[in-house]
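Everything below concerns the one structure shown next.
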Amino acid sequence: MNAVASPCIDVCRMNAATGFCDGCFRTIDEIAQWSALDDAAKQAVLRRSESRRKGGARVVVIGERFSATLVLPPDSIKSFATLVNDQNPLHHDDAYAATSRFGSLIASGTQPTAHMMAMLATHFSHYAQPLGLEFGVKLTRAVKAHDVLTMTWRVTDAKWKASLKGDLVALEGEACNQHGETVMKTTATIVVMPKERRE
């Protein structure tokens, strides 16, 4: 027996203007995939459809959270800094970094920043089409070689923007090391558009 019941109320009529069923406020893809979804995915669909019913965000859910882990061995720090042409010896020279106030190699600030930004694209592209508009980053602590970062984003606001054909989404994020110390605080504004159906 399914733990999450279908929201279908037998008003099965797709609205050409909104792209949602007039009865359950799901997209045609959400309806077609319903039986194959696990309970967590079904709950996510229900939260989105309830937001649509109330005239709010159509694609994302306010309060939606997601996390990822980033491990930073010395080779990763050196290769990333080389890739982005950051020549600071704190990212390349073990001996130099060992005598610094940090006592070891530290990651270029662009490295955890890039991973935080990539998380947005990865997460939302599973069910929609995201596009970044604006990012804010505050580096609060050096990220050292061998650190393990837990990076988290949370949707703080979202509303449908017809001119963008998607939800205008505000997010806040942070990254913490394995000691629970915050190393970065982030904000973002993105557009999350429904996935285009391929015929």
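The values are calculated or read from the model by the stated rules, or taken from the named source; none is laboratory data. Since the structure is predicted, the reported quantities are computational estimates derived from the model, not experimental observations. FYI the Cβ positions are ideal-geometry reconstructions off the backbone, even for glycines, and counts take in every protein chain you see. Just the protein is used for accessible areas: all its heavy atoms, side chains included, with ligands, DNA and RNA removed. Shrake-Rupley method; radii C 1.70, N 1.55, O 1.52, S 1.80 Å.
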- Task: Report whether or not residue 110 is of a type in the set (S, T, N, Q) and under 22 Å from the mean Cα position of the chain (by Cα).
- Result: yes
- Only one of 82, 99, 122, 69 that is open to solvent by 80 Å² or more (accessible area, probe 1.4 Å), among the hydroxyl-bearing types (Ser, Thr, Tyr), within 17 Å of residue 150 (Cα to Cα) and modelled with pLDDT of 95 or more: 69
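Among the residues of the stretch 2-23, write down those that are more than 18 Å from residue 58 (Cα to Cα) and of a type in the set (A, V, I, L, M, F, W, C). Let's see the steps before the verdict.
First, pick out the residues of the stretch 2-23 that are more than 18 Å from residue 58 (Cα to Cα): 2-6, 9-12.
Correct list: 3, 4, 5, 9, 11, 12.
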- Message: Restricting to the stretch 26-51, count the residues that are open to solvent by less than 50 Å² (accessible area, probe 1.4 Å) and outside any helix (DSSP H, G or I).
- Response: 3
- Message: Kindly evaluate residue 55 against the criterion of being more than 20 Å from residue 123 (Cα to Cα), within 26 Å of the chain's Cα centre (by Cα) and surrounded by 13 or more Cβ atoms within 10 Å (Cβ to Cβ).
- Response: no
- Message: Against the conditions (1) small (Gly, Ala, Ser); (2) open to solvent by less than 60 Å² (accessible area, probe 1.4 Å); (3) under 24 Å from the mean Cα position of the chain (by Cα), where does residue 23 fall short? Just the number, please.
- Response: (3)
- Item | Candidates 181, 172, 134 - the one that is over 20 Å from residue 56 (Cα atoms) and under 16 Å from the mean Cα position of the chain (by Cα) | 134
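So which residues in the stretch 125-143 are assigned to a loop (DSSP other than H, G, I, E, B) and modelled with pLDDT under 95? Working first, answer last.
Step one: of the stretch 125-143, the residues assigned to a loop (DSSP other than H, G, I, E, B) are 125-127, 140-143.
Correct list: 125, 126, 127.
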- Task: Name the one entry in 13, 48 that is at pLDDT below 90, under 26 Å from residue 153 (Cα atoms) and of a type outside the set (Gly, Ala, Ser).
- Result: 48
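Any residue in the stretch 111-121 that is under 27 Å from residue 170 (Cβ atoms) and either in a loop (DSSP other than H, G, I, E, B) or of a type in the set (Ser, Thr, Tyr) (or both)? It would help to see each step written out before you state the result.
Applying the first criterion (under 27 Å from residue 170 (Cβ atoms)) to the stretch 111-121 yields 111-121.
The next check asks that each one be either in a loop (DSSP other than H, G, I, E, B) or of a type in the set (Ser, Thr, Tyr) (or both); those that pass are 113.
Yes, the stretch 111-121 has at least one match.
Consider residue 159 carefully, then state whether it is more than 19 Å from the chain's Cα centre (by Cα) and of a type in the set (D, E, K, R). Before the answer, list the steps.
Details: more than 19 Å from the chain's Cα centre (by Cα): no; of a type in the set (D, E, K, R): yes.
Taking the combined requirement at face value, the residue does not satisfy it.
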